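These notes concern the structure reproduced below.
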Amino acid sequence: MVSEYALAETPEEAGRLVAADPDAIVMAGGTTVMPRAMLGELSGRRVIGLARAGLDTVSQNGATTIGATTPLHTVAGLDGAPLLAAAAQSIGSWALRTTATAGGNLLVGSPYGDLVPPLLALDAEITVAGADGTRRLTLADALAADSLLEPGELLTEIVVPAAEGATDFQRCARRAAGAPSIVTVAARIRRDGEAIAEARLAIGAVGPRAMRIAEAEDALVGSAGGEEAIAAAVAAASSAVEPADDSIASAWYRARMVDLHVRRALQTAAGAA
Amino acid sequence: MTARAVGFALNGEPVAVLAEPLTTLQSVLREQLGMTGTKAGCRQGGCGTCTVHVDGEPTLSCLVPVENVEDRAVTTIEGLGSPEEPSALQAAFHEGFATQCGFCSPGMVAIASALLERNPDPSAEEIGEALAGNVCRCTGIAPIVAAIEDAAERMR
């Protein structure tokens with residue numbers, strides 16, 4: 001049994017509790033922590049709960065600000081955020097999405113975390129509260145660090161700028177729902193006239209962390225987004241990822257699914273841009 | 001000293017329980033409150049048979065610590081209807097033999113009632129999407145989808 005379950009009642013209390021006890025397990029929705037607790041893996045640990053901390057508000061004012069404990073079900077229903085909504089809708093089941101949270105999805109790691117590629121493609125930022133106040137950083141920078149959060153820090157919100165251009169989300173899994181992803185792809189393409197002015201390509205579930213593929217983006221910018229440019233971007237993505245072998249899929253299969261789903265995402269986004 | 005008192009509304013009636021930290025809503029319902037309609041299947045959010053409503057939202061009760069539902073409204077299969085007065089969904093499941101061993105049925109009825117509250121005329125595809133997290137290992141999904149369509153028609 002866990003030693004204590006401390007339920008924060010306000011965002012400030014949540015920040016204080018986490019800062020004061022960096023060794024505690026921080027639980028938002030609980031969809032990954034609760035099964036571990038049930039198995040006795042958290043015996044003697046202290047758990048800080050965010051479920052009632054009021055970190056679940058969403059505001060849309062050009063940018064979309066998503067509180068860290070906003071349920072995925074809410075994200076799936078967001079107006080004007082089709083890329084994020086599609087990714088959220090693809091996760092788990094309806095009754096899971098009412099409990100699982102956006103912030104939890106960001107922090108939970110592979111094979112979960114299907115919101116991360118769309119957030120990378122949308123240039124999202126995160127707000128983190130610590131003992132010395134809050135800091136804002138891009139999700140890309142946070143992912144490049146050894147750890148998304150420092151000990152004692154609390155993820156409080158995700159800020160998604162208004163998306164420019166057309167987007168697409170592709171997900172490959174053994175079943176349409178309730179199965180872990182083999183690969184997820186998020187693409188965003190903005191044109192200036194005929195030429196692509198800005199491109200984003202992010203891939204998740206292939207290795208330990210989701211990543212943007214800068215070489216693929218570079219292959220698209222300046223082109224008209226035709227077959228040749230897309231083939232070059234697919235090739236760049238293919239060589240940038242290091243597919244893992246695990247119980248979900250073999251590295252061999254993952255590599256092929258990366259090619260296929262990157263192509264589909266780029267064709268769809270380029271076609272709509 | 002670690003047990004905490006938690007009060008919430010269960011099927012419209014106030015209840016209070018004493019629970020150790022992180023006790024699941026599911027085990028409190030079954031073991032403390034005698035609401036054994038809510039089943040304990042995989043206990044990791046993968047099978048859907050423990051689905052209940054929390055403030056009207058379908059929720060996997062095996063993933064929710066009972067402390068989280070303090071002052072909230074929980075509805076279980078027992079609150080959706082009774083053998084004497086079954087809901088339209090329960091009647092349609094019964095008459096359409098959409099139950100076999102019955103283990104998945106409480107979760108199926110819970111998710112389906114949440115669906116019909118929001119969408120009184122769902123397509124077979126929309127029903128399938130709603131049921132995606134609820135596993136049935138005996139009747140197959142077809143009679144369950146048919147029963148939900150039947151119930152939707154009865155309720156319209």
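The values are calculated or read from the model by the stated rules, or taken from the named source; none is laboratory data. All of these numbers come straight from a predicted model, not from anything done at the bench. Heads up, the Cβs are rebuilt from the backbone with ideal geometry, glycines too, and the neighbour counts pull from every protein chain shown.
A quick yes/no check of all residues on (1) farther than 19 Å from residue A:76 by Cα; (2) without any contact (Cβ under 8 Å) to a residue 12 or more places away in the chain:
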residue: B:111; (1), (2): no, no
residue: B:127; (1), (2): no, no
residue: B:131; (1), (2): no, no
residue: B:135; (1), (2): yes, no
residue: B:140; (1), (2): yes, yes
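Take the residues of the stretch A:30-49 that are among the hydroxyl-bearing types (Ser, Thr, Tyr) and either more than 8 Å from every other protein chain (Cβ to nearest Cβ) or more than 22 Å from residue A:153 (Cα to Cα) (or both): which is surrounded by the most Cβ atoms within 10 Å (Cβ to Cβ)?
By that ranking, first place goes to A:32.
State all residues of the stretch A:18-29 that are over 25 Å from the mean Cα position of the chain (by Cα) and crowded, with 16+ Cβ neighbours inside 10 Å; if no residue qualifies, say none.
Residue satisfying the conditions is A:21 alone.
Is it the case that residue A:15 is more than 8 Å from chain B (Cβ to nearest Cβ) and outside any loop (DSSP other than H, G, I, E, B)?
So residue A:15 fits the description; yes.
Is it true that some residue in the stretch A:50-61 is part of a loop (DSSP other than H, G, I, E, B), free of Cβ contacts under 8 Å to residues at least 40 places away in the same chain, surrounded by fewer than 18 Cβ atoms within 10 Å (Cβ to Cβ) and on the phi > 0 side of the Ramachandran plot?
At the first step, the residues of the stretch A:50-61 found to be part of a loop (DSSP other than H, G, I, E, B) are A:50-57.
Still in the list and also free of Cβ contacts under 8 Å to residues at least 40 places away in the same chain: A:57.
From the residues that got through so far, the ones that are surrounded by fewer than 18 Cβ atoms within 10 Å (Cβ to Cβ) too are A:57.
Adding the requirement that they be on the phi > 0 side of the Ramachandran plot leaves none.
No, the conditions are met nowhere in the stretch A:50-61.
Does residue A:197 satisfy being closer than 21 Å to residue A:123 by Cβ and among the aliphatic types (A, V, I, L, M)?
Criteria met by residue A:197.
Okay, residues lined up against (1) under 20 Å from residue A:94 (Cα atoms); (2) among the aromatic types (Phe, Trp, Tyr); (3) within 14 Å of chain A (Cβ to nearest Cβ):
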position: B:70; (1), (2), (3): no, no, yes
position: B:100; (1), (2), (3): no, no, no
position: B:109; (1), (2), (3): yes, no, yes
position: B:118; (1), (2), (3): yes, no, yes
position: B:123; (1), (2), (3): yes, no, no
position: B:139; (1), (2), (3): no, no, no
position: B:149; (1), (2), (3): yes, no, no
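Pull out all pairs, ordered by first then second residue, where Cβ-Cβ is under 8 Å, the residues are six or more apart or on different chains, the first lies in the stretch A:245-273 and is small (Gly, Ala, Ser), and the second is part of a helix (DSSP H, G or I).
Close Cβ pairs satisfying both conditions: A:249/A:257; A:255/A:238; A:270/A:220; A:270/A:230.
Do you know which residues across the stretch B:8-27 are away from chain A (no Cβ under 14 Å), part of a strand (DSSP E or B) and among the small types (Gly, Ala, Ser)?
The answer is B:9, B:16.
Return only the number of the condition from (1) touching a Gly at 6+ places or on another chain (Cβ under 9 Å); (2) surrounded by 16 or more Cβ atoms within 10 Å (Cβ to Cβ); (3) assigned to a loop (DSSP other than H, G, I, E, B) that residue A:270 does not satisfy.
(3)
Say we look at the stretch B:46-59 and pick out the residues that are touching a residue at least 60 places away in the same chain (Cβ under 8 Å) and within 8 Å of chain A (Cβ to nearest Cβ); which of these is nearest to the chain's Cα centre (by Cα)?
Across the stretch B:46-59, the extreme among qualifying residues is B:51.
Would you point out the residue of the stretch B:125-136, among those that are more than 10 Å from chain A (Cβ to nearest Cβ) and under 17 Å from the mean Cα position of the chain (by Cα), that is farthest from residue B:62 (Cα to Cα)?
Looking only at the stretch B:125-136, we keep the residues that are more than 10 Å from chain A (Cβ to nearest Cβ), and these are B:125-127, B:136.
When the remaining residues are screened for being under 17 Å from the mean Cα position of the chain (by Cα), the result is B:127, B:136.
Working: B:127: 23, B:136: 18 Å.
The extreme case among them is B:127.
Hey, could you check the stretch A:163-186 for residues that are among the aliphatic types (A, V, I, L, M) and buried (at least 19 other Cβ atoms within 10 Å of the Cβ) and say which is nearest to the other protein chains (Cβ to nearest Cβ)?
A:173
If residue A:21 satisfies every condition in (1) within 13 Å of chain B (Cβ to nearest Cβ); (2) farther than 29 Å from residue A:266 by Cβ but one, which is the exception?
(1)
Would you confirm, using the coordinates I've provided, whether residue A:228 is outside any helix (DSSP H, G or I), surrounded by fewer than 22 Cβ atoms within 10 Å (Cβ to Cβ) and modelled with pLDDT of 95 or more?
No, not satisfied.
What number of residues within the stretch B:54-64 satisfy the criterion of being buried (at least 24 other Cβ atoms within 10 Å of the Cβ) and over 20 Å from residue A:177 (Cα atoms)?
Of the residues in the stretch B:54-64, 1 are buried (at least 24 other Cβ atoms within 10 Å of the Cβ) and over 20 Å from residue A:177 (Cα atoms).
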